[in-house]
1. Would you tally the net charge around S200, using a Cβ to Cβ cut-off of less than 11 Å, leaving S200 out, and scoring K and R as +1, D and E as -1?
2. If you take every residue apart from A263 with its C-beta less than 15 Å away from the C-beta of A263, what net charge results, scoring Lys and Arg +1 and Asp and Glu -1?
3. Given the Cα-Cα distance of D29 and D293 and 0.36 nm per residue of separation, how much length would full extension add, in nm?
Amino acid sequence: MKKSILVGAAVLAAGTTFAQNWVWTGAVDQNDFTNGGNWTTNGIAAAAAPTSSNATQFDVDSSGSYAVYNNDSVTMTVNAIYVGQSADGRLDVTAGTFQGSGQRGRYKWGIGHTGTVNISGTGMIDSGGGVHLGTSSGTGILTISESGTLSVGRGNNDTDGTSSSLIMGDGSGASGSLTIGDSGTLSLGFGARLGNNGGSAEFSILGGGATINLGTRSADVGTWYQEDTGVLSAYVGEDGLLSTINLQDSSDATELQTITFEAGSVLDLGFMGTEVDGEWTLMQFEDDAVVTDNGLTLSDAAAAAGWTFEFKDTDASGGVDAMVVAIPEPVTLGMVALFGGGLLFIRRRFSI
């Protein structure tokens, strides 16, 4: 761990390019990450491409060009991945694996600027440490779609002493936005935190094709923490399906899963296509998980549409093991409105 810190300059500041960072320029070929001519270090052309000892940095250049990792036959390993550090940045991974060997504090997307990361196709980012999506008053935007994968092995320390593999909106003025759908995969060694130290976050699920697993690391458990500045959005697909957030529990884990919604946190629900009635399991966890709901509320739009949510025992084990969202049939909503109107009429008549 000490060696990684010395080589990679773990202390980051917004608006600064560090001599140790391999900064992407794409001067030779926008898609060839293995060509040293596409990188600079300390403002001069790099002699070779970055290795597992080097931190990489991606900023959009003045022409609007950005990096695209597209090579199914290559797994490239670097020490750190920073996007949007000295200026707004963007990184697209569409084929092959872009891997990070560094651990804590080595994956920050949106550091005082806007950092956009898109993972799609057969593309994969495999990070050895937790991801900060939006930090130092920056904006982090992550989209996982079309079979793209983000795999995070370890975590970051949170202010409450816990550890999360994904921290969205870290610090006052920072915001993080994640959208997953179209067979995308999100795999977190620990858990996810929406909002931290005053930052805001939105975690959005589109349809039913995504795989979302939290707590995949051996001897650890999945966790979910949603601050009052955090929004969980889920939209049923045109096929009537909705992906589930699965909190996993290793057989040799000693801690319990924790799911926390602070007062003021928001749940937004809707449809991508035709509205249908039904219920969907939005979050699945163990029946001994510690669930703390301090005041999760539906968005105004979801409440107006008739959505509800409930923490339920779905396997008759005697313990709550899921968050289930539901919306009644349109005819049922109509009857409720009609019945309510009848009551109003009766009350008015007797008040005359």
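Read the figures in this text as sums done on the coordinates, not as results from a lab. Note that this is a predicted model, so its numbers are computed, not measured. Positions of Cβ are backbone-derived with ideal geometry, glycine not excepted, and every protein chain shown enters the neighbour counts.
1. -4
2. Numbers: positive: none; negative: E227, D228, E262, D293.
Combined, the nearby Lys, Arg, Asp and Glu give -4.
3. Using 0.36 nm per residue and subtracting the Cα-Cα distance, I get 90.0 nm.
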